[in-house]
Amino acid sequence: AAPRIDVITLFPEFIESSLEVGVVGRAVKRGLLSVQSWQLRDFAHDNYKTIDHRPYGGGPGMVMLIDPLRECLQMVRQADPRPAHVVYLSPQGQPLTQAKVRELAHRPRLVLLCGRYEGIDERLLQAEVDEEVSIGDYVLSGGELAAAVLVDAVGRLQDGALNDPQSAVQDSFENGVLDCPHYTRPERHELGDVPALLASGDHRKIARWRRQQSLGRTWLRRPDVLARCDLSADDRQLLAE
Ligand code: SAM
């Protein structure tokens, strides 16, 4: 069966609309990946559909209740026999990197929890969540955008999602460095000409040029990324040139 991602949220329409377009929309339509969203309010215990309450200890904001989330998670787990890996999207989580995306893309079942307000009661997180993932060092008003980012990044890596799987291999971060610059027609333009080498047909030289560009712009733009790279002797030579 195709990998499955369940998203627990107060705004299922947010997730659903992000799945209507592009590579990942197509992957879902083709059945390469299944994404289900769940309305947390359906698991509220009262007529007001309450899913949050004031924080113990006082202070601003509201905290999401344990029980609606727990009961929703129980239903989600029952919807598919494969064991679920539960991720809470949170600014306090581990940063989402391409390596983390690859790891999550191999999991047959992911469950994503989207927080709102001040977040979720800590006891639910301790009991049910396998890991917390952050999409960056800034604070969003809710986990839905972060979940959509994760679904997109994971979805495009599913077998058959990209027309040419090679394209994912060349992307930034996949081989440790940023992608090289890309050009298309026309070859000559008032904004500049395409580097002549790219039209030369010499594939060995083109590969070398691209690697050099990748290394050079990683050095300029993201020295932190380059510092973590395991550079070959050839790479060091290219960087020195
Ligand atoms: N009080 C929380 C804190 O400081 O850690 C922030 C709560 S935030 C206003 C509401 C929800 O947005 C969070 O529960 C989380 O699901 C989501 N969120 C906010 N920033 C995020 C980020 N950088 N990555 C992933 N999710 C995020």
| message | Looking only at the range 44-66, filter to residues that are of a type in the set (D, E, K, R) and surrounded by fewer than 17 Cβ atoms within 10 Å (Cβ to Cβ); which one of those is farthest from the ligand (Cβ to nearest atom)? | response | ASP46
| request: Give the range 147-171 a look and list any residue that's part of a helix (DSSP H, G or I), surrounded by 14 or more Cβ atoms within 10 Å (Cβ to Cβ) and not small (Gly, Ala, Ser), or say none. | output: VAL149, LEU150, VAL151, ASP152, VAL154, GLN170
| request: Search the range 98-112 for residues being under 22 Å from GLY142 (Cβ atoms) and touching a residue at least 40 places away in the same chain (Cβ under 8 Å), and hand back the single one that is surrounded by the fewest Cβ atoms within 10 Å (Cβ to Cβ). | output: VAL101
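Residues checked against (1) on the phi > 0 side of the Ramachandran plot; (2) in the same structural domain as LEU145 (by TED's automatic domain parsing); (3) not aliphatic (A, V, I, L, M):
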residue	(1), (2), (3)
ILE15	no, yes, no
VAL21	no, yes, no
GLY31	yes, yes, yes
ASP52	no, yes, yes
ILE66	no, yes, no
ARG82	no, yes, yes
LEU104	no, yes, no
LEU110	no, yes, no
| request: Identify all residues within the range 67-109 that are closer than 14 Å to THR9 by Cα and within 16 Å of the ligand (Cβ to nearest atom); write none if there are none. | output: PRO68, LEU69, CYS72, LEU73, VAL86, VAL87, TYR88, LEU89, SER90
| Which of the following residues is under 15 Å from the mean Cα position of the chain (by Cα), surrounded by 18 or more Cβ atoms within 10 Å (Cβ to Cβ) and either within 16 Å of the ligand (Cβ to nearest atom) or at pLDDT 95 or above (or both): GLU144, GLU131? | GLU144
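The values are calculated or read from the model by the stated rules, or taken from the named source; none is laboratory data. Given the structure is predicted, the values throughout are model-derived calculations rather than measurements. Please note: Cβ atoms are built from the backbone with ideal geometry, for glycine as well, and neighbour counts cover all protein chains shown.
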